[in-house]
Structures are given as structure tokens and as C-alpha cells.
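**Q** One structure, pasted below without further comment.
The values are calculated or read from the model by the stated rules, or taken from the named source; none is laboratory data. The model shown is predicted, which means the values in this text are computed figures rather than measured ones. Counting neighbours? That spans all protein chains shown, and the Cβs are built from the backbone with ideal geometry, glycine included. The area values use the complete protein model at the heavy-atom level, side chains included, leaving out ligands, DNA and RNA. Shrake-Rupley method; radii C 1.70, N 1.55, O 1.52, S 1.80 Å.
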Amino acid sequence: MDTFILSLFSTEDKLKPSTLYQVLSGKRTSSVLTYAFFHNLLHLSGVCPQLTETAFYTIINQLKKEQQLIEIDGLLTVSQEINCEAKKYLAGVDFFKFGRKEQEIWRSIQFLVQVASYLGSNEKYIPLESSPFYTERVRQFVYHYREVMKETVYQELVTVFTNLPKDKADLLAQTFTGLEQNGAVFFQILPEDVQQPPWSNVAMASATHLFFKEISQYPDFLLYQFIKPLLAQNINTSMLKTRKLFKQEYTFEQVMELRRLKPGTIQDHVIEWALVDEQFPFEKFITHQEILATLPDDSWKYSYKDLVEQYDVAFLEIRLYQIWRKKNV
């Protein structure tokens, strides 16, 4: 865990320890998510859901004692960037978009591939899953697509794996069980330097998350249709209800009334929507473009009070402009 914490820092980073813990453990308030976004840590939101605050601060205090971390005015920085081979796995992960349901999604795919591989065969096999959560979904899928499923799933996997880096595709392919292969579990095939969490989780996710991103580029694929409901569960369902109303052209006040939620909650939903959706309609919410264009590049570091007083623009609009600008740098 020490090397993982250190790998999150560059010598330019100054991170607030309490908020860093909230990012890693998966707190999803708009303030924590935007902090992660502006510090380029959003993809690691929720990477360590089991990490306790006590354990986190024990690690931080030890790293400070060893002078690998330095605390100045309540902010942490590193004396020297860590040279760690495992850091390469951080580039491919997105726990913000996929972390909540990643295991259920990959297990569902593994089970579907197993069932598809045995279609048309008289060979008996032991199913990978016995829980109705998995078996019922696959049963329904086989009922609708039995005639084409085996070949179609194979061809779709070929397409997706061809578009992935070879090492990621090879890693994932080795975990499949089917008619002519007994799949390995991840810990059997991961390199030795990433056998322990959180690196083991990150290394696995660096492959599965890339797979999820790639399969999402093919909305007509059977595989995508199969996991689409699970992918949707990674997203805040309450936010999605708010988004739906805004897309139906309701005003902020109308959405607030229809949802029976406080203004701050609707504001949080809009900010999370802006973070998660590459098609977010910034122009719908930003009406003071010329004023906001004068914001300093690091305005996200300023306090709420200072920004609102200086620019006389609602904070939601300021925050959305900051997000838009960072996304379009």
C-alpha cells in the first residue's frame, strides 16, 4: 500500500490527506468528485473501498516519518517521485465509471462465454456460477439468441481483443473457461509485483476496464447488450433521474420540485453528470461565458465565497465552467 499511495503523487502535487482518503475509499459527493477531477484522480475514485481511515493515516504517518511524504500547511507532497514498475497499471483504469460493478460484469461475461462455448455440444460441465443473479440472466439470453450466440460471441470477442493492447487481451483470454480450456483466476497469472491489493485490483482493472470501454464502442454487439444493464448500475441512479428531467427541458426549480430534493442535491447531480458524461450540455447551464473566461486557470483552488463575490455568478455555473475548461484544455 505504501508504494501505491506514493505512486499517486508527482512532485507538483499537493493533496489534502482527508480528501485523498475520501477519493480512494469512494465517497461520491460533488466536492470530493470535483477535487479528484481537478487533481487527475477521478479514475481512482473508489479504488480502495475497504480501506479504513485508521489504516490510511497509519500509512501516511509512516511515510511522513520516513520523509517520503512531506506535509506543508496541511497538504501532502512527495520529496521525490517514486519509480515503480506497477505505476503503468494506473493508466488504464477507471474506477469512477466501472468500479462499483466491475466484478459482477466480468463474472457475467466469463459465465456467458462458458455457456456459449458448450452450446451444441454433448459434453457435461460444471457451471462457473450457481447464483440466480448470474444463471437467470444467462438463461434468458440463451433463450433469445441460442441459434447465433456461440459464433456471435466468439466474433465479438475477437473484435474487442484485437483492439486491446496484446498483454491485456492475453490476460483476459486466459481467464475464460470453455469447451477446450480451463480458465485461470487472476492471481495465478498476474506478475509477482502486483499480487497484493490494491495493486492486484488495479492490475486486473487495467485490463477489464479497457475491455468495458472498448465493448461500449459497439452498442449493437450481443455482449454489450448483455452487460449494458450492469454497466448502468455503476452510475448514480438518482443523478440519472435528475438528468432525465433536464433533458426533458425542465428548469432547475421544476426539477427540484418534481424530485422533491434540496437545491444542493440537484446541484450535486448536475456536477456529477458533467463529470461522467462526455456529451454533457454545458451550454445549457453556462450563460456568463464572457465573465467566466476571466477566471484564473487555478480558480478551482479558490473558496466558494471568494469566487461568488468576485464574479457575481452562481457557484454551479462557475464549477461547470471550470470542468468544461479542464476537459477542453
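**Q** What is the residue count in the stretch 158-173 for residues that are under 17 Å from L112 (Cβ atoms) and open to solvent by 20 Å² or more (accessible area, probe 1.4 Å)?
**A** Of all residues in the stretch 158-173, those under 17 Å from L112 (Cβ atoms) come to 158-161, 172-173.
Then keep just the ones that are open to solvent by 20 Å² or more (accessible area, probe 1.4 Å); that gives 158-159, 161, 173.
The total comes to 4.
**Q** Could you run through the stretch 38-71 and say how many residues are of a type in the set (A, V, I, L, M, F, W, C) and open to solvent by 50 Å² or more (accessible area, probe 1.4 Å)?
**A** If we filter the stretch 38-71 for residues that are of a type in the set (A, V, I, L, M, F, W, C), which is where we start, we get 38, 41-42, 44, 47-48, 51, 55-56, 59-60, 63, 69-70.
Imposing the further condition that a residue be open to solvent by 50 Å² or more (accessible area, probe 1.4 Å) reduces the set to 70.
Qualifying residue count, the stretch 38-71: 1.
**Q** Which of the residues that make up the stretch 192-220 are over 18 Å from F96 (Cα atoms) and either open to solvent by less than 40 Å² (accessible area, probe 1.4 Å) or touching a Gly at 6+ places or on another chain (Cβ under 8 Å) (or both)?
**A** Once the filter is applied, which keeps residues that are over 18 Å from F96 (Cα atoms) and either open to solvent by less than 40 Å² (accessible area, probe 1.4 Å) or touching a Gly at 6+ places or on another chain (Cβ under 8 Å) (or both), the stretch 192-220 yields only V194.
**Q** I'm told K97 meets every condition in (1) open to solvent by 20 Å² or more (accessible area, probe 1.4 Å); (2) in contact with a Cys (Cβ under 6 Å, 6 or more places away or on another chain) except one. Can you identify the failing condition by its number?
**A** (2)
**Q** Quick one: how many residues across the stretch 216-251 are in a helix (DSSP H, G or I) and either in contact with a Ser or Thr (Cβ under 9 Å, 6 or more places away or on another chain) or charged (D, E, K, R) (or both)?
**A** Matching residues across the stretch 216-251 total 14.
**Q** Tell me which of these L76 doesn't satisfy, since it passes every other one: (1) more than 27 Å from L231 (Cβ to Cβ); (2) open to solvent by 40 Å² or more (accessible area, probe 1.4 Å); (3) in contact (Cβ under 8 Å) with a residue 24 or more places away in the chain.
**A** Among (1) more than 27 Å from L231 (Cβ to Cβ); (2) open to solvent by 40 Å² or more (accessible area, probe 1.4 Å); (3) in contact (Cβ under 8 Å) with a residue 24 or more places away in the chain, L76 violates only (2).
**Q** Still on this model: Among the residues of the stretch 194-215, what is the count of those that are under 17 Å from R107 (Cα atoms) and touching a Cys at 6+ places or on another chain (Cβ under 7 Å)?
**A** Counting residues in the stretch 194-215 that are under 17 Å from R107 (Cα atoms) and touching a Cys at 6+ places or on another chain (Cβ under 7 Å) gives 0.
**Q** Among the listed residues W324, W273, identify the single one that is among the aromatic types (F, W, Y), within 16 Å of F37 (Cβ to Cβ), open to solvent by 30 Å² or more (accessible area, probe 1.4 Å) and within 26 Å of the chain's Cα centre (by Cα). It would help to see each step written out before you state the result.
**A** Numbers: W273 fails: open to solvent by 30 Å² or more (accessible area, probe 1.4 Å).
Of W324, W273, the one residue that is among the aromatic types (F, W, Y), within 16 Å of F37 (Cβ to Cβ), open to solvent by 30 Å² or more (accessible area, probe 1.4 Å) and within 26 Å of the chain's Cα centre (by Cα) is W324.
**Q** Can you pull out the helices (runs of 4 or more DSSP H) entirely within the stretch 1-49 that have at least 1 residues that are under 17 Å from G74 (Cβ atoms) and hydroxyl-bearing (S, T, Y)?
**A** Numbers: elements: 2-7, 17-25, 30-38.
Counting at least 1 such residues, we get 17-25, 30-38.
**Q** What residue, of L307, L230, L316, L295, is buried (at least 16 other Cβ atoms within 10 Å of the Cβ), of a type in the set (A, V, I, L, M, F, W, C) and touching a residue at least 60 places away in the same chain (Cβ under 8 Å)?
**A** On the way: L307 fails: touching a residue at least 60 places away in the same chain (Cβ under 8 Å); L316 fails: touching a residue at least 60 places away in the same chain (Cβ under 8 Å); L295 fails: touching a residue at least 60 places away in the same chain (Cβ under 8 Å).
Just a single option satisfies the conditions, and that option is L230.
**Q** Keeping to the stretch 296-320, report how many residues are part of a loop (DSSP other than H, G, I, E, B) and touching a Leu at 6+ places or on another chain (Cβ under 8 Å).
**A** Here is the first cut: in the stretch 296-320, the residues part of a loop (DSSP other than H, G, I, E, B) are 296-298, 302-303, 312-314.
Still in the list and also touching a Leu at 6+ places or on another chain (Cβ under 8 Å): 313.
Residues flagged as part of a loop (DSSP other than H, G, I, E, B) and touching a Leu at 6+ places or on another chain (Cβ under 8 Å) within the stretch 296-320 amount to 1.
**Q** Can you tell me how many residues in the stretch 174-186 are under 25 Å from the mean Cα position of the chain (by Cα) and open to solvent by 40 Å² or more (accessible area, probe 1.4 Å)?
**A** Looking only at that region, the number is 2.
**Q** Say whether the condition of being buried (at least 17 other Cβ atoms within 10 Å of the Cβ), at pLDDT 90 or above and part of a helix (DSSP H, G or I) is met by at least one residue in the stretch 120-135.
**A** Yes, some residue in the stretch 120-135 is buried (at least 17 other Cβ atoms within 10 Å of the Cβ), at pLDDT 90 or above and part of a helix (DSSP H, G or I).
**Q** Looking at Y35, is it farther than 21 Å from N201 by Cα, of a type in the set (F, W, Y) and open to solvent by 20 Å² or more (accessible area, probe 1.4 Å)? Before you say what the answer is, go through the steps one by one.
**A** Details: farther than 21 Å from N201 by Cα: yes; of a type in the set (F, W, Y): yes; open to solvent by 20 Å² or more (accessible area, probe 1.4 Å): yes.
It is true that Y35 is farther than 21 Å from N201 by Cα, of a type in the set (F, W, Y) and open to solvent by 20 Å² or more (accessible area, probe 1.4 Å).
**Q** Would you check if there is a residue in the stretch 121-144 being aliphatic (A, V, I, L, M), more than 19 Å from S216 (Cα to Cα) and out of contact with any helix residue (DSSP H, G or I) (no Cβ under 8 Å at 6 or more places or on another chain)? Give the derivation first.
**A** First pass over the stretch 121-144, keeping only residues aliphatic (A, V, I, L, M): 126, 128, 138, 142.
Next cut, more than 19 Å from S216 (Cα to Cα) only: 126, 128, 138, 142.
If we keep only those that are out of contact with any helix residue (DSSP H, G or I) (no Cβ under 8 Å at 6 or more places or on another chain) as well, we get 126.
Yes, that holds for at least one residue.
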